[in-house]
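A short write-up of the structure that comes next.
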Amino acid sequence: MENIKFIEFCGEDRWKDAVQNTGNYESWVLADEDFDRWSNGFGKENFNLFVAIENGTNKTIGHVATAFYQSINGSEPLLTVGMFFVLPEFRGTGLGWKLFEQVLQNPKFKGINWGLNGVPQMTKKYATKFGFDKYPKWQIGSFEIFIENINLKRLNTNSSIKTVSFKEIDFKKFIEYDSAMIGGIRRDGFIKNWLDSENAFSKIALNLSDEKIVGICNIRICFKKQLVIGPFYADSKEIAENLLKDVLKMILDLNQFTKIFLFPATTNKDAKEIFEKLADGKIQEYDAMYGQFTNHVIDVDASKIYSITEYAMSYC
């Protein structure tokens with residue numbers, strides 16, 4: 001590895017390389033704008049994009065990232081790991097594991113819970129080599145629809161709720177809702193940046209009777225004109241259906257995009273049913289991913305998870 005240098009806390013230019021690498025070689029669906037969402041949301045000291053660069057060509061040949069969820073008012077801290085990738089021609093050299101091992105050496109990560117999402121061919125390696133051997137009772141499903149098959153008229157509305165923008169919500173109340181949904185972990189700055197950012201569309205569902213928050217749906221524009229749903233949480237199937245319809249209605253000229261993706265808890269069968277309804281059954285299902293932790297599984301109500309926030313570094 002004499003011809004390779006390693007750089008921590010890389011900027012947006014290397015993130016864009018990572019989006020291209022994972023999109024072109026692995027069909028991951030991420031966005032250039034995600035860098036600002038992560039870096040500004042967690043703070044530059046708590047988000048680390050660790051990159052391997054080939055000397056001479058200056059090419060980004062491998063990368064991994066960490067996000068450190070700090071303790072806020074006594075909440076449990078958490079480290080998530082993701083964006084783990086090595087170009088095919090550099091695989092089998094030990095480069096990937098060197099990246100992975102080195103990025104985890106920060107002393108503030110010692111003793112806390114770590115989490116990641118593993119694809120089927122990697123999950124056992126993460127468990128045996130790094131101790132990510134605690135699994136939830138649910139996995140992360142993966143579904144795709146071609147935009148041409150979407151018909152919003154197939155989705156129903158719900159007369160017991162209203163949907164409003166993120167800016168219309170009391171932020172403190174929203175954080176209470178968000179923290180409850182993700183098992184008591186806090187991500188205040190991140191979720192604000194995620195929802196209130198360019199190329200993202202979101203609605204929050206409120207009960208008409210008491211203004212209680214009962215759901216959230218966000219859709220963002222990603223690699224190669226693809227749309228990804230998340231976070232998408234709801235107290236019921238009817239609320240979820242209404243939310244998804246209202247957010248999709250926000251997107252002008254929906255047909256300029258190619259596909260839309262959903263990543264629900266596999267135990268939430270309602271999520272798949274809504275997606276099938278939206279596309280008249282014309283959906284593609286892929287292998288599920290495995291949420292994995294080192295110390296303990298974070299307890300969440302999977303029945304309310306219609307799509308996790310995103311799959312690179314979010315467990316819920």
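Note on the range 137-157: among residues that are farther than 20 Å from Ile239 by Cβ and in contact with a Phe, Trp or Tyr (Cβ under 8 Å, 6 or more places away or on another chain), the one that is surrounded by the most Cβ atoms within 10 Å (Cβ to Cβ) is Ile140. I'd like to check something: does the range 72-86 contain any residue that is at pLDDT 95 or above, of a type in the set (D, E, K, R) and not in a helix (DSSP H, G or I)? Yes, the range 72-86 has at least one match. If I go through the range 171-199 residue by residue, how many of them are part of a loop (DSSP other than H, G, I, E, B) and at pLDDT 95 or above? Residues meeting the conditions: 6.
Condition (residue is among the acidic types (Asp, Glu), in the same structural domain as Lys272 (by TED's automatic domain parsing), under 18 Å from Ile251 (Cα atoms) and free of Cβ contacts under 8 Å to residues at least 40 places away in the same chain) applied to the range 199-220: is it met by at least one residue? No, the range 199-220 has no match at all.
The condition (being within 26 Å of Ile112 (Cβ to Cβ) and among the aliphatic types (A, V, I, L, M)) is satisfied by just one residue among Leu95, Leu78: Leu78. Against the definition (touching a strand residue (DSSP E or B) at 6+ places or on another chain (Cβ under 7 Å), among the polar types (S, T, N, Q), surrounded by 21 or more Cβ atoms within 10 Å (Cβ to Cβ) and touching a residue at least 60 places away in the same chain (Cβ under 8 Å)), how does Gln292 come out, yes or no? Spelling it out, Gln292 is indeed touching a strand residue (DSSP E or B) at 6+ places or on another chain (Cβ under 7 Å), among the polar types (S, T, N, Q), surrounded by 21 or more Cβ atoms within 10 Å (Cβ to Cβ) and touching a residue at least 60 places away in the same chain (Cβ under 8 Å).
Output yes when any residue across the range 54-63 is within 15 Å of the chain's Cα centre (by Cα), at pLDDT 95 or above and not in a helix (DSSP H, G or I), and no when none is. Within the range 54-63, none of the residues are within 15 Å of the chain's Cα centre (by Cα), at pLDDT 95 or above and not in a helix (DSSP H, G or I). Scanning the range 148-170 for residues that are assigned to a helix (DSSP H, G or I) and either farther than 22 Å from Gly43 by Cα or β-branched (Val, Ile, Thr) (or both) yields Glu148, Asn149, Leu152, Lys153, Arg154, Glu168.
Per-residue answers, yes or no, for (1) in a loop (DSSP other than H, G, I, E, B); (2) more than 20 Å from Thr309 (Cβ to Cβ):
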| residue | (1), (2) |
| --- | --- |
| Phe201 | no, no |
| Gly215 | no, no |
| Leu243 | no, no |
| Lys249 | no, yes |
| Leu252 | yes, yes |
| Asn255 | no, yes |
| Lys272 | no, no |
| Gly281 | yes, yes |
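Restricted to the range 126-147, and to residues there that are at pLDDT 95 or above and in a helix (DSSP H, G or I), the residue that is farthest from Met289 (Cα to Cα) is Ile147.
The values are calculated or read from the model by the stated rules, or taken from the named source; none is laboratory data. Because the structure is predicted, anything quoted here is derived from the model rather than measured. Counting neighbours? That spans all protein chains shown, and the Cβs are built from the backbone with ideal geometry, glycine included.
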